[in-house]
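Just below is one structure, and these are the notes that go with it.
Taken together, the values in this text are just the output of simple stated rules run on the coordinates, not laboratory data. Here the structure is a predicted model, which means the values were calculated and not measured. Here the Cβ positions follow ideal geometry from the backbone for every residue, glycine too, while neighbour counts run over all protein chains shown.
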Amino acid sequence: MGSSSEEDEEEALFPNYPYELYFVKSPSTASHADVYSSKSGSESGGGGWFRYFTFGYSDSGCWVLLQLGWRFLLSLAIALIVFYLAAKPPPPNISLQIVGIRQFRLGEGVDGSGVTTKLLTCNCSIHLIVDNNSKLFALHIHPPLVEILFGHLPFAISQSKELYAGSNDITLFRLNIGTKNKPLYGAGRNMQDLLQSGEGVPLVVRVGFRSSFRVVWGLFVSKFHYKAQCLVLLSNVYDKKHKTQVYNSTCMVYS
């Protein structure tokens, strides 16, 4: 009896429940482990792309040549950009001048369909003056487009060939424009009246072109666009000494 009661008391004091084991990790240990894993991950990730730019990634001859090649190309590109910025050509100075209207004749005739009208024959010479201030590069001038207008009517159009202006030089180009037996209809009669009255015929000469400097074999191109306009007042008097129709002109160039 005594022994059984003692056992009952022990069971009451220490019940026999099922239990589990728990392990607590130290905070300092966990933080050190996290820092180490993040450092190792960042180092391995950074080396993924950086290693392709170093010689130590591989000892093969092809790898060394590849590294030398891209370094040379990068240095060359930087050198060319610096050269272009240092020697960049300034814009050229452009001027225009009417130098002669050799012929301006209105006559009676018929057009292609047999209609009687005024026919115009004229010939005009223009000087295009290019002052290239670049000491290193020549100026390429694309074919200039020239036209002559009476009011809003263009009656003569011409396009020149491509031109070249040497470096550090002033170059003069002669442009010619004209027409032969051009039917003018009502505009022809207006021209005839203005010439006979002594007022003179107002004409507009327009020139448009673009130019460019090709630096380092055309790797860098500096482009410039120009439009010029000359206002001409044409007289009915012919100057036999200079072999041109008498006129007054004023020219302006826009870039």
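At a 10 angstrom cut-off on C-beta neighbours, averaged per residue, how do the peptides 207-213, 229-235, 219-225 rank from highest to lowest?
207-213, 229-235, 219-225
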Inset, instruction - Compute the FRET efficiency between Ser255 and Ser125 as 1/(1 + (r/R0)^6), taking r as their Cβ-Cβ distance and R0 = 25 Å, and round to the nearest 0.05. - result: 0.60
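With a Förster radius of 41 Å, plug the Cβ-Cβ distance of Arg174 and Leu219 into 1/(1 + (r/R0)^6) and report the FRET value to the nearest 0.05. Let's see the in-between values first.
On the way: r = 33 Å, r/R0 = 0.80.
Efficiency, rounded to the nearest 0.05: 0.80.
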Legend entry - Set of lysines with alpha-carbon distance to Lys135 below 22 Å, sequence-local pairs under 8 removed: Lys88, Lys223
Inset, instruction - Please tell me which of these pairs span more than 20 angstrom C-alpha to C-alpha: Lys118/Lys227; Lys182/Lys240; Lys180/Lys243? - result: Lys118/Lys227; Lys182/Lys240
Legend entry - Average Cα contact separation per residue, region 200-249, under 8 Å, 6 or more apart, as relative contact order %: 36
